[in-house]
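The values are calculated or read from the model by the stated rules, or taken from the named source; none is laboratory data. Not measured: the values here are computed from a predicted model. Counting neighbours? That spans all protein chains shown, and the Cβs are built from the backbone with ideal geometry, glycine included. Side chains included, ligands, DNA and RNA excluded: accessible areas come from the protein's heavy atoms. Shrake-Rupley method; radii C 1.70, N 1.55, O 1.52, S 1.80 Å.
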Amino acid sequence: MASPKNEGFLTDQQREVLKIAVQNAEVLSTSPSPRSPTSSVLLQELYKNGGGGNGAGGGGGAKAPGAGPKHVRRCHSGKLVKVKKDGGGGKGTWGKMIDTDFDPCLDQIDPNDPNYDSGEEPYELVGATICDPFDDYKKSVVNIIEEYFTNGSIEAVISDLKDLGFGEYRNYFVKRLISMAMDRRDKEKEMASVLLSSLYSTVLSSVQISQGLMMLLESIDDLALDIPDAPEMLAVFISRAVVDDILPPAFIGRARKLLPETSKGAEVLKIAEKSYLTAPHHAELLERRWGGTTRLTVEEVKKKIIDLLKEYAENGDTAEACRCIRELRVPFFHHEVVKRAITLAMEKPESEAKVLKLLKEANEENLISPRQVSKGFCRVQESLDDLSLDIPSAKTAFNSLTKKAVSEKWLDPSFISLASANGEVSDGEHAKLRRFKEEVVTIIHEYFSSDDIPELIRSLEELALPEYNPIFIKKLITLAMDRKNREKEMASALLAALSMEIFTTDDVVNGFTMLLESADDTALDVLDASDELSLFLARAVIDDVLAPLNLEEISNKLPPKSSGTETVTMARTLASARHAGERLLRCWGVNTGWQVEDAKDKIVKLLEEYEAGGDLGEACRCIRDLGMPFFNHEVVKKALIMAMEKKNDKMIDLLSECFSEGLITINQLTKGFMRVRDGMDDLALDIPIAREKYGSYVTRAKEDGWLLASFA
């Protein structure tokens, strides 16, 4: 029998620990913290010393008096709970030190318990996606663009993009900027174009811009679902980038090879090339395409250019001048800088060296592109005659500047021969030309006020300078384009009158040629100058001032693929369209002659009166009083039809007389015969002998010489 001292297989030390534990049971049950130091120490001590009995600690003896139940653990609420032994130990052991599958204390954690500690909660692994830098970049780019559309600060965009880094992703910035602008107003579209131009060479490269636009071309099908006119807008953005010299023109050809022919991307490139980049004066038109809300006006830009050149001529600070040119943010208009700089050098020879230095440095820094330099020199060359009135040595000075620019390799050598071909004129000739220009400006202004054509003709005859007639035509149309539609109509009417009185066809051809050669300069002041010039040309053809072949002659005198040749092509299309006479009669929105329907009624009445026994001379006078020489083909048509109906050749006699007097031209006669021929099928239903009669009329007209022998 075991001694009392060793009862229950416990050592004296174990009994002492157990006694202390029993005495503190009540204290533990009401303790404010389940993790109190006392309880922790006691439990640790108990685990440390309670693993064995007297021997190996593996036997299962009797329970110690006063001991609690086996496998008991206290939870957070202070309750004692039974814990499954889970095979952690053998008979007579305390079980496992750590329960791995089930923890009743943790399982019963109450978050509402005042003693709740989140650290007691079991750890849980939460899945998370790997962060992609490109995703962060896309979010940042959207914020940058939104802020720019709000505050318009280009400097802030430059700073933000540089701070953001990831230069390899900037092609996405180009794509995102344009796609966001497409879904906004014209103001934001213009801001996007300006921003791209400003970021070029500092933040964006031409390659990155090309890549961004290529991404847009490839995704334009998706964009078009949300923005129906996305293809048209993207075509404008691409054209604007080419005009702004931030995208090479060759981009369109390269991109076309990478896209399917039937794709919307290929359609975008076609629109950009055909509708914008080949249009006359496309640079000025594209610059105003979005309304130009963030740009300076043309006049403001010109004034800034003049001011910066004057300041540069005084201080000679090339770096400052280049900075001012760059801040204008009008790379497509740098030819104006070149033109003004050359003009300054011719006006003030002492500033020539500074001007050459500025232009050379601007070209070497790619601030002013070679194309803009060439265009600037070309504009000066075209206006040398006018410059020579104020600067007698202008041509000599221009030739000298051209040679120096070519020798310094920032101007194409072909300009030497072009400049030298202009030659020089005497001082006396300059003075005479200057006086003539001053006189004709006064004469034209008086005509616009009085509408008195005979008085104007007398004034021109008094000047007695027929060699300057082309210059008069140029001045007349230039002044009319800068006025209202009334003056434009008056100019066309005057041109028709002068061609019959004192001007030759060569005068008119040379006058229009001079106009078209300086069309680029005119377009800077008159936005739609090209359209208006084409109307003046087409109206001249309709009025028989020019023959259709004269348009080809004018075109041959102009540089190929120039804005002038495009204007001539447009005029040819207008003049050859169906009902061109009626349309061009109203081309200025006003009409100084009869309305078309009234004119047709009057033609029928005068022909009926003549057929009833009227006088041939009176009939010719009535036709002349109509004042519509471009509409005389209607007289021819009505006369031929009436002759067929009445079976009376009296009408053919009238046409022959009109041709003899020069009242109806061979062009109008031919046009009238063609109109009858085109409607012959309908005529033959009412007039069975129409074809026979028409053939006899054609034969007589050819014999009398008022129809060409080649007419069929």
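Miscellaneous remarks
- Site pair Asp598 and Glu661 shows an inter-label distance of 2.2 nm when each label is modelled 7 Å from Cα along Cα→Cβ.
- Note on the stretch 643-712 and the stretch 369-405: Cα centroid distance 55 Å, given to the nearest whole angstrom.
- Residue-level accessible surface for Glu552, protein heavy atoms, 1.4 Å, Å²: 90
- Euclidean distance of C-alpha centroids, the stretch 200-244 and the stretch 467-519, integer Å: 42
- The chymotrypsin sites (Phe, Trp or Tyr not before Pro) of the stretch 624-712 that DSSP puts in a loop, and whose beta carbon has at most 16 other beta carbons within 10 Å, are Phe711.
- Listed by chain and number, the lysines placed with their C-alpha closer than 16 angstrom to that of Lys702 are Lys671, Lys693; residues fewer than eight positions away on the same chain are left out.
- Simple label model, 7 Å out from Cα along Cβ direction - Thr262 to Asp678, nm: 3.7
- Given charges at Cβ of Lys, Arg, Asp, Glu: the stretch 338-415 dipole, positive-most of Leu358, Ser400, Ala341: Leu358
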